[in-house]
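Trainee: The following block contains the structure, expressed as structure tokens.
The values are calculated or read from the model by the stated rules, or taken from the named source; none is laboratory data. All figures in this text were calculated on a predicted structure; none of them were measured in a lab. Neighbour counts run over all protein chains shown; Cβ positions are idealised from the backbone, glycine included.
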Amino acid sequence: MAAGLADDLDELEKMLSQATAGRTASTPAAAQPAAQARPAQPAAQQPAAQQRPAQPAAVDPETARLLALYRKTIGDLARPARRRSKPTPQQWAALDARAKQLFVKLDDRQSFAQVIAHCGMPEVHATYLMAVLVQQGLVG
């Protein structure tokens, strides 16, 4: 299953790079002058009706499928993310630098969802790496 997760991550990275390239290329040129014509007001000066909470970006079906697979591997995201064992030197050397970063952030108080949300990585990447740590028995 680890090989399947690795293949999924490679596929995901390709999709993310394509989506990012498509998003920057699809920005209409006509919308840019209109935004420049009217000076932007700071958020504190805008009326409450004009301030909108940040909405999560729409997730394409393939990314949603991958997230569901990784979440199934992790289990309940609301439970505390606890270190189960100390990694052996071989396990530590084999871990991705980002997986090491996630492992170090675990303090047994935050839930899986909180660690994933606050780690500074895209949700899909962080969820994948957390699934790898769970699968290897380092986190539970």
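Trainee: Do you know which residues across the stretch 103-119 are modelled with pLDDT of 90 or more and part of a helix (DSSP H, G or I)?
Mentor: Residues satisfying the conditions are F103, F112, A113, Q114, V115, I116, A117, H118.
Trainee: Would you say T88 is among the β-branched types (V, I, T) and surrounded by 13 or more Cβ atoms within 10 Å (Cβ to Cβ)?
Mentor: Judged against the criteria, T88 is not a match.
Trainee: Show the residue pairs meeting these rules: Cβ distance below 9 Å; 6+ apart or different chains; first residue within the stretch 76-92 and part of a helix (DSSP H, G or I); second residue surrounded by 14 or more Cβ atoms within 10 Å (Cβ to Cβ).
Mentor: Sorted first by the residue in the stretch 76-92, then by its partner, the pairs are Q91/Q136; Q91/L138; W92/K100; W92/F103.
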